[in-house]
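Participant: Below is one structure. I have some questions about it.
The values are calculated or read from the model by the stated rules, or taken from the named source; none is laboratory data. The model shown is predicted, which means the values in this text are computed figures rather than measured ones. Using ideal geometry, Cβ is built from the backbone for each residue, glycine included, and neighbour counts are taken over all protein chains shown.
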Amino acid sequence: MNDSHRAVYPLRGKRVWVAGHRGMVGGALVRRLASEGCEVQTAGRDGVDLRRQAEVDGWMADNRPQAVFIAAATVGGIYANDSRPAEFLYDNLVIAANIIEASRRTGVEKLLFLGSSCIYPRLAPQPMPEEALLTGPLEPTNEWYAVAKIAGLKLCQAYRKQYGADFISAQPTNLYGPGDTFDLEGSHVVPALLMKAHAAKVSGEHTLTVWGTGTPRREFLYVDDLADALVFLMGNYSGPIPLNIGTGDEVTIRELAQTVAEVVGFSGTLRFDTDKPDGTPRKLVDCRRLHALGWHHRTPLKEGLARAYAWYLDQAAATAGAGAG
Ligand code: GFB
């Protein structure tokens, strides 16, 4: 790979805005940036609605970030994507457009927009290289989110081309970890299975229901590894190609459910609910460009699942404690 577009942009001493700091990715970025010697800026949802251009313009004019991570997004699992298409398309389109345009106007030096591996065609070659973008039809369960994310990374390319702005994009594979949304209907597969396995263990149930056939394959990246990759790219990459971020390892949903059961300590059997959708059959990103730049993930799946489960238990205990108090 000779198109790696190496660049050096030190964050030390810079004002760095993490848009979306209350989300799983934004929270991990704030944790990761604590050791970069920069001033981390955050904007609460009460302070600025990122779907309103005037509010974004006002916040940026007042706070003058020099570097921006766009981790703000309306996100959810396969069911949430499929049942709330308008929100997934509208919110994500305007959040990207508003922040990118305001960043140009206020002279932001560097911006990183976060895409998603669902931008690739449903039947893209596996592992999916960056070149697979826009080469075929999208997966229908998440095409709304995918279209918004494609628009966001195209905005970065367009602003680079027309204005010379140093705006880059990266698309992570499926994410999980502390700060995730734990909600049976709306969340992604990892938090949903952790919740279900925990509830089954506590209540002594013998079956754990898994959506779909269990055969789809997914790649899972621990969110603190993602934050590390994003900080690495902000400091070391400048180019028009939106880069893949993943692990190179994939598991079937059945294997994931078995590992979750081990981590949680659930010893019953799995039941597959084939009335629920499988989504895309396989989604493994090709990370050769990222590896060539020098970044590799660190956290093995089982270890990351154990940390995510520990976080979930802490949250549940804190909520119960608050309720009792
Ligand atoms: O994580 P997930 O909701 O999203 O589902 P996608 C992944 C796979 O896990 C699908 C199966 O095959 C689901 O059918 N699955 C099994 C479950 N049990 C469950 C369960 O209890 N809950 C959930 N949610 N899934 C998302 C996109 O696709 O990927 C987003 O919808 C985003 O837009 C994200 O891009 C990265 O991997 O199918």
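Participant: In the list Ala257, Ala261, Ala316, Ala308, which residue meets the criterion of being outside any loop (DSSP other than H, G, I, E, B) and surrounded by fewer than 16 Cβ atoms within 10 Å (Cβ to Cβ)?
Facilitator: Exactly one residue qualifies, and that residue is Ala316.
Conditions (1) over 19 Å from Leu194 (Cβ atoms); (2) at pLDDT below 95, marked per residue:
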{"site": "Ala257", "(1), (2)": "no, no"}
{"site": "Ala261", "(1), (2)": "no, no"}
{"site": "Gly265", "(1), (2)": "no, no"}
{"site": "His297", "(1), (2)": "yes, no"}
{"site": "Ala322", "(1), (2)": "yes, yes"}
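Participant: Then there's this: Tell me whether region 152-174 contains one or more residues that are free of Cβ contacts under 8 Å to residues at least 60 places away in the same chain, in contact with a helix residue (DSSP H, G or I) (Cβ under 7 Å, 6 or more places away or on another chain) and crowded, with 18+ Cβ neighbours inside 10 Å.
Facilitator: Just the residues of region 152-174 that are free of Cβ contacts under 8 Å to residues at least 60 places away in the same chain, to begin with: 154-155, 158-159, 162-164.
Going one step further and asking which of them are in contact with a helix residue (DSSP H, G or I) (Cβ under 7 Å, 6 or more places away or on another chain), we end up with 155, 159, 163.
Then keep just the ones that are crowded, with 18+ Cβ neighbours inside 10 Å; that gives 155, 159.
Within region 152-174 (the criterion being free of Cβ contacts under 8 Å to residues at least 60 places away in the same chain, in contact with a helix residue (DSSP H, G or I) (Cβ under 7 Å, 6 or more places away or on another chain) and crowded, with 18+ Cβ neighbours inside 10 Å), the answer is yes, since at least one residue qualifies.
Participant: Got a number for residues in region 94-129 being surrounded by fewer than 19 Cβ atoms within 10 Å (Cβ to Cβ), under 24 Å from Ala158 (Cα atoms) and in contact with a helix residue (DSSP H, G or I) (Cβ under 9 Å, 6 or more places away or on another chain)?
Facilitator: Our first condition is that a residue be surrounded by fewer than 19 Cβ atoms within 10 Å (Cβ to Cβ); within region 94-129, this holds for 94, 97, 101, 104-107, 109, 121, 123, 125-126, 129.
Of the ones still in play, those that are also under 24 Å from Ala158 (Cα atoms) are 94, 97, 101, 104-107, 109, 121, 129.
From what's left, in contact with a helix residue (DSSP H, G or I) (Cβ under 9 Å, 6 or more places away or on another chain): 94, 97, 101, 104-106, 121, 129.
Summing the residues that are surrounded by fewer than 19 Cβ atoms within 10 Å (Cβ to Cβ), under 24 Å from Ala158 (Cα atoms) and in contact with a helix residue (DSSP H, G or I) (Cβ under 9 Å, 6 or more places away or on another chain) in region 94-129 gives 8.
Participant: Report yes if Phe232 is modelled with pLDDT of 95 or more, closer than 21 Å to Val25 by Cα and either surrounded by fewer than 17 Cβ atoms within 10 Å (Cβ to Cβ) or aromatic (Phe, Trp, Tyr) (or both), otherwise no. Spell out the reasoning first.
Facilitator: Details: modelled with pLDDT of 95 or more: yes; closer than 21 Å to Val25 by Cα: yes; either surrounded by fewer than 17 Cβ atoms within 10 Å (Cβ to Cβ) or aromatic (Phe, Trp, Tyr) (or both): yes.
In short, yes.
Participant: I would also like to ask the following. Of all the residues that make up region 26-44, how many are free of Cβ contacts under 8 Å to residues at least 24 places away in the same chain and either in contact with a helix residue (DSSP H, G or I) (Cβ under 8 Å, 6 or more places away or on another chain) or in a loop (DSSP other than H, G, I, E, B) (or both)? Before the answer, list the steps.
Facilitator: Looking only at region 26-44, we keep the residues that are free of Cβ contacts under 8 Å to residues at least 24 places away in the same chain, and these are 30, 34-35, 44.
Now drop any that are not either in contact with a helix residue (DSSP H, G or I) (Cβ under 8 Å, 6 or more places away or on another chain) or in a loop (DSSP other than H, G, I, E, B) (or both), which leaves 34-35, 44.
Residues meeting the conditions: 3.
Participant: Looking only at region 183-212, which residues are out of contact with any Leu (no Cβ under 7 Å at 6 or more places or on another chain), away from the ligand (no atom under 11 Å from the Cβ) and either farther than 19 Å from Arg254 by Cβ or not in a loop (DSSP other than H, G, I, E, B) (or both)?
Facilitator: Of everything in region 183-212, those that are out of contact with any Leu (no Cβ under 7 Å at 6 or more places or on another chain), away from the ligand (no atom under 11 Å from the Cβ) and either farther than 19 Å from Arg254 by Cβ or not in a loop (DSSP other than H, G, I, E, B) (or both) turn out to be His198, Ala199, Lys201, Val202, Ser203, Gly204, Thr207.
Participant: Related question: Under the condition of being part of a strand (DSSP E or B) and more than 17 Å from Lys283 (Cα to Cα), which residue from region 142-178 is nearest to the ligand (Cβ to nearest atom)?
Facilitator: Within region 142-178, the subset part of a strand (DSSP E or B) is 167-172, 174-176.
Imposing the further condition that a residue be more than 17 Å from Lys283 (Cα to Cα) reduces the set to 167-169.
On the way: Phe167: 21, Ile168: 19, Ser169: 15 Å.
In this case the residue turns out to be Ser169.
Participant: Also: Does Thr215 satisfy the criteria of being surrounded by fewer than 17 Cβ atoms within 10 Å (Cβ to Cβ), assigned to a loop (DSSP other than H, G, I, E, B) and within 12 Å of the ligand (Cβ to nearest atom)? Reasoning before the result, please.
Facilitator: Values: surrounded by fewer than 17 Cβ atoms within 10 Å (Cβ to Cβ): yes; assigned to a loop (DSSP other than H, G, I, E, B): yes; within 12 Å of the ligand (Cβ to nearest atom): yes.
Considered against the rule, which asks whether it is surrounded by fewer than 17 Cβ atoms within 10 Å (Cβ to Cβ), assigned to a loop (DSSP other than H, G, I, E, B) and within 12 Å of the ligand (Cβ to nearest atom), Thr215 comes out as yes.
Participant: Out of contact with any Phe, Trp or Tyr (no Cβ under 9 Å at 6 or more places or on another chain), away from the ligand (no atom under 16 Å from the Cβ), acidic (Asp, Glu) and over 30 Å from Val68 (Cβ atoms), is that true of Glu255?
Facilitator: Details: out of contact with any Phe, Trp or Tyr (no Cβ under 9 Å at 6 or more places or on another chain): yes; away from the ligand (no atom under 16 Å from the Cβ): no; acidic (Asp, Glu): yes; over 30 Å from Val68 (Cβ atoms): yes.
Against the criterion (out of contact with any Phe, Trp or Tyr (no Cβ under 9 Å at 6 or more places or on another chain), away from the ligand (no atom under 16 Å from the Cβ), acidic (Asp, Glu) and over 30 Å from Val68 (Cβ atoms)), Glu255 does not qualify.
Participant: Before we move on, is Thr181 surrounded by fewer than 16 Cβ atoms within 10 Å (Cβ to Cβ) and touching a Lys or Arg at 6+ places or on another chain (Cβ under 6 Å)?
Facilitator: Working: surrounded by fewer than 16 Cβ atoms within 10 Å (Cβ to Cβ): yes; touching a Lys or Arg at 6+ places or on another chain (Cβ under 6 Å): no.
Judged against the criteria, Thr181 is not a match.
Participant: Restricting to region 22-75, what's the tally of residues that are among the hydroxyl-bearing types (Ser, Thr, Tyr) and within 16 Å of the ligand (Cβ to nearest atom)?
Facilitator: Filtering region 22-75 down to residues among the hydroxyl-bearing types (Ser, Thr, Tyr) leaves 35, 42, 74.
Add one more test, that the residue is within 16 Å of the ligand (Cβ to nearest atom), and what stays is 74.
Final tally of qualifying residues: 1.
Participant: Of all residues being of a type in the set (D, E, K, R) and farther than 30 Å from Cys38 by Cα in region 104-132, which is nearest to the ligand (Cβ to nearest atom)? Just the residue, please. Give the derivation first.
Facilitator: In the first step, residues of region 104-132 are kept if they are of a type in the set (D, E, K, R); the result is 104-105, 109-110, 122, 130-131.
Checking which are farther than 30 Å from Cys38 by Cα leaves us with 122, 130-131.
Values: Arg122: 11, Glu130: 16, Glu131: 19 Å.
Ranking the qualifying residues of region 104-132, first place goes to Arg122.
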